[in-house]
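Here the structure comes first, spelled out in structure tokens, and everything after it is commentary.
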Amino acid sequence: MKITLKVWRQESPEEKGRFDTFKLDHIDSHMSFLEMFDVLNQQLIEEGKRPVEFDHDCREGICGMCSMYINGRPHGAQSGTTTCQLHMRHFKDGDTIVVEPWRARPFPVIKDLVVDRSPFDRIIAAGGYVSVNTGSPQDANSILVKKSDSDAAFDAASCIGCGACVAACKNASAMLFVSAKIEHLSRLPQGKTERVRRAVNMVRQMDMEGFGNCTNTGACEVECPKGIKIKNIHKMNAEFFRAVWVSSEEVEA
Amino acid sequence: MSWLKGFFNSSIGRKFIMALTGLFLILFLTEHMIANLLLILPDNGVIYNQYSHFMVTFPLIRVVEILLFASIIFHIIYALVLTYRNRQARPVKYAVRKPGENSSWVSRNMGFLGLILFIFLAIHLAGFFAKARITHDLGMVTINGVEMHDVYSLVKAKFEIWWFDLIYIIGFIALGAHLWHGFYSSFRTLGLRHPKYLPLFKGIGIFISVIIPLGFAVVPIYFLINSLS
Ligand code: HEM
Ligand code: SF4
Ligand code: FES
């Protein structure tokens, strides 16, 4: 396949970026999108030029690193996949493909296609955990969990923190991500004890990072590679109202 | 009270205000639309004028009116705040965008539709509310021995002007589009996610976003057609 790539290049967070155009003449349709970038970078190295920086790790759709905004869609037009799981056979010979980094104020570009997603880590640190004492694990059957709760928690837990929801949202809202974490933990008995603090603190951290506000456009759930549903956001809203208006538990500011 | 302040300064708290004020406005619009249909009764406005006289003289309605204006003001203020913050959250735009592939046009243009509604509202209030309630720049009628404003004739005169009707029709289309997304969205903002009831609210939202603008549109169209024949 012949592909023309227009890729965002930026030397550092401070400097202005630009698009570089590359022509690739020998792309195998079985390659993944990242392998195509490997070919490009090999070519650039041989020409003595700086290769394109991009994030990746597992290359099997589970780590969430491979953030690329491809032809106007996060992770490309194919639904339910990350960039590493997108294959060149979904493009046509002669296509021009535009690749940009995630765009959001809380996710500044570090270099080329690499953005800083540490706001997600800080949101998790604000409450996306359960406090457990160390020691030997309990017998699994000593805490009963309804099948529907365990399924819902598991679905939410499949969020890989890739940030495609933020990238897709016209408001750069992180609510799909945050709500998935809240739903994952607060559904289960082990997580319920801290649900009030979790809701308040995670929402506060999300706001402090400067993400936008959900307007229910639903773009996030369409683009989420893990099929996280927007109903988690509505659950999070209820969880937040409950924490603020109903619970008598005081949460320190 | 820091929890209260924290709530109203949070993203979810701000959206909560948008949703509540929006729903209250819908409640008002429903009443307004149904009452307006009294205008097309073939009685030369007797019943409509009596209704409108009742509305300005009944004290409880004053209270509701204050609530209504507060809702509009807060809805607009929070719309501005949220839209500003949402724009701030993405200072650098994408070069290639395909938003139509993951979301509906109305859901992405609530602010734009709101702006049209705001302009419409200004025209509407200046044309009717200001005349009937502030400048008292309209005729009087006596019905059953009670002297009252002849709002009916004011409405009739205005709606016989075709371009004035056109402004209204545009306003109603924008309203329908705003509600198409807004009604359903507000319940989800308020935390409703029940798999049995949520689809019901989606259906009601679609229904009202068609029926409210249609009901409103009947009145100007009725007066325009009458004036032609
Ligand atoms: C006739 C009057 C209006 C009614 C009945 C109405 C109703 C609504 C409702 C129910 C919502 C949904 C809230 C939510 O999603 O939580 C909404 C959202 C919104 N409205 Fe209005 N609105 C009106 C006028 C306006 C005006 C005049 C503006 C702007 C100046 C405006 C701007 C917005 C914006 C920006 C949103 C947020 C979009 C979103 O959250 O999806 N609206 N409106
Ligand atoms: S919710 Fe989906 S799109 Fe958002 S971070 Fe998690 S996996 Fe990625
Ligand atoms: S590289 Fe891990 S999900 Fe794509």
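The values are calculated or read from the model by the stated rules, or taken from the named source; none is laboratory data. Bear in mind that the values here come from a model prediction, so they are computed numbers and not experimental data. Positions of Cβ are backbone-derived with ideal geometry, glycine not excepted, and every protein chain shown enters the neighbour counts.
Brief remarks on what is shown
- For segment B:75-103, the tally of residues that are assigned to a helix (DSSP H, G or I) and either loosely packed, with under 14 Cβ neighbours inside 10 Å or not small (Gly, Ala, Ser) (or both) stands at 16.
- Qualifying residue in segment A:141-152 (condition: away from ligand 1 (no atom under 16 Å from the Cβ), surrounded by 11 or more Cβ atoms within 10 Å (Cβ to Cβ) and within 14 Å of chain B (Cβ to nearest Cβ)): yes
- Complete set of residues in segment A:161-181 that are within 16 Å of ligand 1 (Cβ to nearest atom) and farther than 21 Å from B:Arg14 by Cα: A:Ala168
- Only listed residue being surrounded by 14 or more Cβ atoms within 10 Å (Cβ to Cβ) and in contact with an Asp or Glu (Cβ under 8 Å, 6 or more places away or on another chain), chosen from A:Val99, A:Val39, A:Val130: A:Val130
- Helices (runs of 4 or more DSSP H) wholly inside segment A:159-253 containing at least 3 residues that are within 16 Å of ligand 2 (Cβ to nearest atom) and more than 17 Å from the chain's Cα centre (by Cα): A:231-241
- Under the condition of being assigned to a loop (DSSP other than H, G, I, E, B) and either modelled with pLDDT under 95 or more than 24 Å from the chain's Cα centre (by Cα) (or both), the residues counted in segment A:2-12 number 1.
- Subset of segment B:104-142 (residues that are among the polar types (S, T, N, Q) and outside any loop (DSSP other than H, G, I, E, B)): B:Ser107, B:Thr135, B:Thr142
- Apart from one condition, B:Ile204 fits all of (1) within 12 Å of another protein chain (Cβ to nearest Cβ); (2) among the aliphatic types (A, V, I, L, M); (3) assigned to a helix (DSSP H, G or I); the exception is (1).
- Selected residue [on the phi > 0 side of the Ramachandran plot and more than 13 Å from chain B (Cβ to nearest Cβ)] from A:Gly227, A:Gly218, A:Gly210: A:Gly227
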